[in-house]
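**Student:** First, the structure itself, so that you have it in front of you.
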Amino acid sequence: TPIWARRGWLAPLAELPATYAAEDLLPNVRATLTHEGKLYGLPFYGESSMTFYRTDLFRQAGLKMPEQPTYTDIRRFAEILHDPGHGVYGICLRGKPGWGENMAFITTMVNSFGGRWFDETWQPEIDSRPWRQAVGLYGELLTRFGPPGSEKNGFNENLELFASGHCAQWIDATVAAGLLANPKTSRIGKELGLARAPAESATVGANWLWVW
């Protein structure tokens with residue numbers, strides 16, 4: 001929104017309804033819709049990404065989730081907690097192809113390894129060490145420690161898996177927290193743990209911010 005507004009492609013909101021409290025918007029959400037102090041859109045929803053985990057499984061294994069885990073931490077936890085014989089997988093991640101599916105996750109994962117899509121002159125940087133590290137680990141997590149058929153799982157499929165107790169860890173949209181904590185929609189609400197989205201060598205861009 002700020003990019004388009006700066007180019008004159010959008011018009012600012014001239015007047016907000018008297019009942020709309022713009023100051024109640026989260027600062028980062030408001031900033032994504034603002035240019036030169038003027039709002040160009042009103043959100044009905046905003047989200048970031050975070051790490052969900054089963055506190056009971058961590059406790060039984062003698063593990064402690066850091067407030068800010070790294071992907072090295074996540075892989076180690078996944079290997080220890082992976083127990084497919086009892087229907088528990090070390091980690092659930094988006095595997096379904098698509099920008100709104102696995103690529104949203106992969107992009108933030110690459111960012112956390114210090115990678116990016118392009119340099120300042122728009123030269124692609126996909127064939128780089130951070131990309132190979134991130135995508136290599138992503139593939140390993142899915143194939144070694146994820147549920148069967150991970151390539152078909154998006155947000156909704158992983159939500160169902162985690163809520164029914166089949167995932168030790170899950171990295172995805174913050175909106176899932178309320179659903180997982182609700183006993184009407186989740187079996188593991190009392191064992192729900194929350195942490196920041198993993199960051200390996202960089203924290204900038206390690207989690208997404210999306211406003212609808």
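The values are calculated or read from the model by the stated rules, or taken from the named source; none is laboratory data. In this text, all values refer to a predicted model and were calculated from it rather than measured experimentally. Glycine gets a Cβ as well: all are built from the backbone with ideal geometry, and neighbour counts include every protein chain shown. The protein model used for the area step is the full one, side chains on, heavy atoms only, and it has no ligands, DNA or RNA in it. Shrake-Rupley method; radii C 1.70, N 1.55, O 1.52, S 1.80 Å.
**Student:** Run the numbers for Phe118 and Glu101: contour at 0.36 nm per residue of separation, minus the present Cα-Cα distance, in nm. Present the calculation step by step, with values, prior to reporting the outcome.
**Tutor:** Numbers: separation 17, 0.36 × 17 = 6.12 nm, distance 2.08 nm.
Additional length available on full extension: 4.0 nm.
**Student:** Here's something else I'd like to know. Which lysines have a Cα lying under 23 Å from the Cα of Lys152, excluding residues fewer than 8 positions away in the same chain?
**Tutor:** Lys96
**Student:** What are the ³J(HN,Hα) values, in whole Hz, obtained from phi via the Karplus relation 6.51 cos²θ - 1.76 cosθ + 1.60 with θ = phi - 60°, for each residue of segment 148-165 in sequence order, with x given for Gly and Pro?
**Tutor:** Per-residue couplings from phi come out as x, x, 4, 5, 9, 9, x, 4, 5, 5, 6, 4, 5, 4, 5, 4, 8, x Hz.
**Student:** For the residue pair Ser128 and Arg187, what label-to-label distance in nm results when each label sits 7 Å from Cα along the Cα-to-beta-carbon direction?
**Tutor:** 4.3 nm
**Student:** Would you mind getting the accessible area per residue of segment 29-101, heavy atoms of the protein chains only, 1.4 Å probe, in Å²? Could the numbers behind the result be given before it?
**Tutor:** Details: 3680 Å² over 73 residues.
Counting only protein heavy atoms, the per-residue value for segment 29-101 is 50 Å².
**Student:** Hey, another quick one. Aspartates and glutamates near Lys190 by alpha-carbon distance under 14 Å, same-chain residues fewer than 8 away left out - which ones?
**Tutor:** Asp56
**Student:** Need the full-extension length gain, Arg59 to Trp9, defined as separation in residues times 0.36 nm minus the C-alpha distance. One decimal, nm.
**Tutor:** Working: separation 50, 0.36 × 50 = 18.00 nm, distance 5.29 nm.
Using 0.36 nm per residue and subtracting the Cα-Cα distance, I get 12.7 nm.
**Student:** Moving to a separate point now. Residue by residue through segment 206-212, what is 3J(HN,Hα) from phi via Karplus (6.51 cos²θ - 1.76 cosθ + 1.60, θ = phi - 60°)? Round to whole Hz and write x for glycine and proline.
**Tutor:** The phi angles translate into 6, 10, 8, 10, 10, 10, 9 Hz.
**Student:** Quote the accessible area belonging to Arg132 in square angstrom, nearest 10, computed with a 1.4 Å probe and with ligands, DNA and RNA left uncounted.
**Tutor:** 140 Å²
**Student:** How large is the accessible surface of Ile80 in square angstrom, using a 1.4 angstrom probe and rounding to the nearest 10?
**Tutor:** In the full protein context, Ile80 sits at about 90 Å².
**Student:** Any chance you could look up the accessible area of Lys152 with a 1.4 Å probe, heavy atoms only, rounded to 10 Å²?
**Tutor:** 140 Å²
**Student:** If r is the Cβ-Cβ distance from Val88 to Leu16 and R0 is 45 Å, what FRET efficiency results, to the nearest 0.05?
**Tutor:** On the way: r = 48 Å, r/R0 = 1.08.
That gives a FRET efficiency of 0.40.
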